[in-house]
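The values are calculated or read from the model by the stated rules, or taken from the named source; none is laboratory data. In this text, all values refer to a predicted model and were calculated from it rather than measured experimentally. No Cβ is skipped: glycine too gets one built from the backbone with ideal geometry, and neighbour counts run over all protein chains shown. Side chains included, ligands, DNA and RNA excluded: accessible areas come from the protein's heavy atoms. Shrake-Rupley method; radii C 1.70, N 1.55, O 1.52, S 1.80 Å.
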Amino acid sequence: MVRNWYTVHWIPRSREVGQSWTSSVVSTIYSLLYSVPLVFQLKPGVVLCNGPGTCVPLCISALMLRILGMKKVLIIYIESICRVETLSLSGKILYNLSDYFFVQWSALQKKYPKAIYLGRLV
Amino acid sequence: MNICDPEILQDLGYRKLILQIGRGSVEPKPLLGSDFTREVYRFKDSIAGDIQNSTLVISHAGAGSCLETLEAGKPLIVVINEKLMNNHQLELAKQLHLEGHLVYCTCSTLYETLQKLDFRSLKPFPPGHPEKFSAFLDKVLGFQ
């Protein structure tokens, strides 16, 4: 008998690379309309994400779940290895919203003291 | 100065050139000779084999390309596209260059870079440590 270790779900992308601000807000809200029901259905114990903008609506949904007292969700964010000196936009948004925030270069950890630096993970 | 020219590359000591051209508009012709071979393709599911069989990799500053090449232990020249200066991916290539793992140039300085290239000046690239993250996660989630 094979156990299912995972399920796969699809949500619309929050933002394309280089997409304009105003349309990004619209597409992020659209993505949120999918993320909220999904996260409320799955009730995850941990949300683990690695950087793309699409993780932001999922994390916001997880925060809502927590604030409403429905589940104690842990939000863990790992910044991309490409980010050596500056945080990505997702990183900047989630730096204060996540429970554990990882960076992969020491210069970033100096700039963002709440971040955890364990060296390069990749 | 066309870097794909067999004469130029042979002068530098190379006998084979493999070009992955993506959606590029320039499409050099493949060549098959006893002294020199040039292969050209647009996409492959994986270029790991080509990287593994190479002596030198010349790439753009994409993180995937850099990391895949360095993890395979191959010398790497990263060519920066001067028209895309605000691309954040440059941060990684710059840092890896500062640490001595790769060489960094522009299209116009590529030939000179190839001439002056000293493989021994490049430092080996240590692997990343995903196990440190999993150990952390195990601790935080109480799975010890």
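Computed quantities for the displayed model
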read-out	value
Net charge dipole size for segment B:1-121 [Lys, Arg +1 and Asp, Glu -1 on Cβ; Debye, nearest 20]	140
Residue of A:Leu97, A:Leu42, A:Leu63 that the Gaussian network model of chain A assigns the largest fluctuation, springs spanning Cα pairs under 10 Å	A:Leu42
Surface per residue (accessible, 1.4 Å probe) for segment B:56-144, Å²	58
Segment B:5-69 and segment A:44-85: distance between their alpha carbon centers, rounded to Å	40
Inter-probe distance in nm under a simple model that places probes 7 Å from Cα toward Cβ, at A:Ser23 and A:Val122	2.6
Accessible surface of segment B:1-43, 1.4 Å probe, proportion on carbon and sulfur as whole %	49
Charge dipole (segment A:21-117, unit charges on Cβ, about Cα centre) - positive-most of A:Leu63, A:Leu87, A:Ser27	A:Leu63
Minimum 50 Å² accessible area buried by the other protein chains, segment A:86-122 residues, probe 1.4 Å, relative to alone	A:Trp105, A:Leu118, A:Arg120, A:Leu121
GNM flexibility winner over chain B from B:Gly73, B:Gly100, B:Gly22 (Cα, springs under 10 Å)	B:Gly22
Calculated P(r) tail over 33 Å for the protein assembly as shown, as whole % of Cα pairs	36
Listed residue (B:Phe43, B:Val140, B:Ser54) projecting farthest to the positive dipole end of chain B, Cβ model	B:Val140
Stretchable slack from B:Glu7 to B:Thr113, in nm (0.36 nm times residue separation minus alpha-carbon distance)	36.5 nm
Taking only Cα atoms of segment A:9-122, radius of gyration then Dmax in Å	14.2, 39
Structure-based [θ]222 nm, chain A - -39500 (n - 2.57) summed over DSSP H runs of at least 4, per residue, nearest 500	-12000 deg cm²/dmol
Relative contact order for chain B, counting Cα pairs under 8 Å that sit 6 or more residues apart, in percent	16
Approximate shape of chain B as ellipsoid semi-axes (Cα gyration tensor, √5λ), whole Å, largest first	33, 17, 16
Cysteines having no other Cys beta carbon under 4.7 Å from their own, within the protein assembly as shown	A:Cys59, A:Cys82, B:Cys4, B:Cys66, B:Cys105, B:Cys107
Cβ-placed point charges (K, R +1; D, E -1), dipole of chain A about Cα centre in debye, nearest 20	260
In degrees, nearest ten, helix A:21-42 long axis to first principal axis of chain A (Cα)	50
Gaussian network model of chain A, Cα within-10 Å springs - most flexible of A:Ile60, A:Ile76, A:Ile29	A:Ile29
Relative packing of B:45-58, A:6-19, which averages over residues the other C-beta atoms within 10 Å, highest first	B:45-58, A:6-19
Cβ-Cβ FRET estimate between B:Arg23 and B:Ala135, R0 fixed at 35 Å, reported to 0.05	0.25
Where chain A is the region considered: accessible area per residue in Å², 1.4 Å probe	60
Loss of accessible area when A meets B, both sides summed, Å² nearest 100, probe 1.4 Å	1700
Residues in segment B:98-144 occluded by at least 50 Å² - accessible area, probe radius 1.4 Å, against chain by itself	B:Phe133, B:Phe136
Area of A:Cys82 that stays accessible when all protein chains are in place (1.4 Å probe, Å², to 10)	10
Simple label model, 7 Å out from Cα along Cβ direction - B:Phe43 to B:Thr106, nm	3.1
Descending semi-axes in whole angstrom, ellipsoid equivalent of segment A:6-60, from the Cα gyration tensor	21, 12, 9
